[in-house]
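Structure first, commentary second.
The values are calculated or read from the model by the stated rules, or taken from the named source; none is laboratory data. Just so it is clear, the model here is predicted, and its values are computed rather than measured. Here Cβ is always computed from backbone atoms with ideal geometry, including for glycine, and neighbour counts include all displayed protein chains. Side chains included, ligands, DNA and RNA excluded: accessible areas come from the protein's heavy atoms. Shrake-Rupley method; radii C 1.70, N 1.55, O 1.52, S 1.80 Å.
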Amino acid sequence: MKILFCLLATTSLLLFPILTEGVECDFCFNNEEVSNLGAATPNMGTIKRSCLDLKAEYEVRKESLSKAGAEKRCVEFQLEGYQTGCCLQFNPDGCGICPDGSPPGEGYVVPTEGSEDPNPEECEGYAFQPFSSNGIFTEGSCADTRAQRSAFYCGCPGVYQQVWLCPDKRPPGRRRRGDFTRSENCGQTEYLFSLFKEFEITDVNEDFGFHYQSWCECNDHEGNQVVLENEYNCPFCADGQNIKEGFHELIVNEETAMVDVNGKYDYRRTCNQVADFTRYVTKDFRCADPNIELARQFCCPAPGLGVTMGLVITGLVMVQNLFF
């Protein structure tokens, strides 16, 4: 295989391979696919497609993906394979950080825990982080990966931040406050919102079905704390009933919640805490979130029944952690 290299005149030397002859495009980067494609679990939560379907498509497209000039299509196909859970890894140099292919600026960082992140990721190494290769809307698209959506943090030309969590464009007042349904704190939510394009967001508090600006204690344009104003009602217990007697301070997800041994995060929640969380829900789909539904089963009387005396624990609540 003949390979020509273009040398960019920058402070650091970068070599970009230009294939002058076709090279076979493997299904997975380095041929590292999971042992059981039929049982693979997606790395990107929105994907519905199976690895078996993707492998069948690969067999049809393999020749075209291996032609000279098809390098990006091959990279993005392997990206989709990783996002779908079919591949053990993705080429960290495949997409890159800067959309135009230039290197990230030296000394720049990506604040994945929000703008006050005490330990941000260095741009040069961010592509090596597993979640950096996940997309937000579209699988198999370099432009949609968190890495390239973070390009404005890394000094890349022609890109800039378009969306902020807080109206005053400053960090939220409670960076560590957590959304237990997604195992994500407000700092991480701040970072997530910063990755969106302006045309992708209509209302920060409506699009995701949760009033994040008041939950995270943002300030408005005048510097005042955002107040919860929510016309939507998401009842925790059905039929106007209350939490079962003696259950208010019981933890609903003791066995399944993400808890850091060093105390950095703790997503265990009591019945009272989940009930308070529902006050901030703004849409039906968030009110029916599986984590909230399972908490209802644990904390609330069966629909149509009154509160019984004493403690009746029917089993452990299995709460599924959801990720973008």
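Restricting K72, K62 to those that are among the basic types (K, R) and more than 13 Å from A143 (Cβ to Cβ) reduces the list to K62.
The single condition among (1) within 30 Å of Y153 (Cβ to Cβ); (2) without any contact (Cβ under 8 Å) to a residue 24 or more places away in the chain that Y191 does not meet is (2). From the list C154, C186, the one residue that fits, being buried (at least 17 other Cβ atoms within 10 Å of the Cβ) and closer than 20 Å to R269 by Cβ, is C186. Restricting attention to segment 38-69 and to residues that are among the hydrophobic types (A, V, I, L, M, F, W, C) and at pLDDT 95 or above, the residue that is farthest from R146 (Cα to Cα) turns out to be V60.
Yes/no matrix, rows are residues, columns are (1) over 17 Å from N205 (Cα atoms); (2) in contact (Cβ under 8 Å) with a residue 24 or more places away in the chain; (3) of a type in the set (D, E, K, R); (4) surrounded by fewer than 13 Cβ atoms within 10 Å (Cβ to Cβ):
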{"site": "V227", "(1), (2), (3), (4)": "no, no, no, yes"}
{"site": "N253", "(1), (2), (3), (4)": "yes, yes, no, no"}
{"site": "D260", "(1), (2), (3), (4)": "yes, no, yes, yes"}
{"site": "Y265", "(1), (2), (3), (4)": "yes, yes, no, no"}
{"site": "D284", "(1), (2), (3), (4)": "no, yes, yes, yes"}
{"site": "N291", "(1), (2), (3), (4)": "yes, yes, no, no"}
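Across segment 206-221, a minimum of one residue is classified as farther than 17 Å from D179 by Cβ and open to solvent by 50 Å² or more (accessible area, probe 1.4 Å). The lone criterion from (1) touching a residue at least 40 places away in the same chain (Cβ under 8 Å); (2) open to solvent by 70 Å² or more (accessible area, probe 1.4 Å); (3) of a type outside the set (A, V, I, L, M, F, W, C) left unmet by D26 is number (2). Checked against (1) out of contact with any strand residue (DSSP E or B) (no Cβ under 8 Å at 6 or more places or on another chain); (2) surrounded by fewer than 18 Cβ atoms within 10 Å (Cβ to Cβ), P104 passes all but condition (2). If the condition is being closer than 21 Å to G45 by Cα, in contact (Cβ under 8 Å) with a residue 12 or more places away in the chain and among the charged types (D, E, K, R), then segment 194-212 contributes K197, E200, E206. Any residue in segment 126-136 that is in contact (Cβ under 8 Å) with a residue 24 or more places away in the chain, farther than 28 Å from F29 by Cβ, hydrophobic (A, V, I, L, M, F, W, C) and open to solvent by 10 Å² or more (accessible area, probe 1.4 Å)? No, segment 126-136 has no match at all. Filtering segment 49-108 to residues that are touching a residue at least 60 places away in the same chain (Cβ under 8 Å) and outside any loop (DSSP other than H, G, I, E, B) leaves K72, V75, E76, F77, L79, E80, C87, G94. Looking across segment 255-274, the residues that are assigned to a strand (DSSP E or B) and either among the hydrophobic types (A, V, I, L, M, F, W, C) or within 21 Å of the chain's Cα centre (by Cα) (or both) come down to V259, D266.
Going by the conditions given, is C123 free of Cβ contacts under 8 Å to residues at least 60 places away in the same chain and of a type outside the set (F, W, Y)? Yes.
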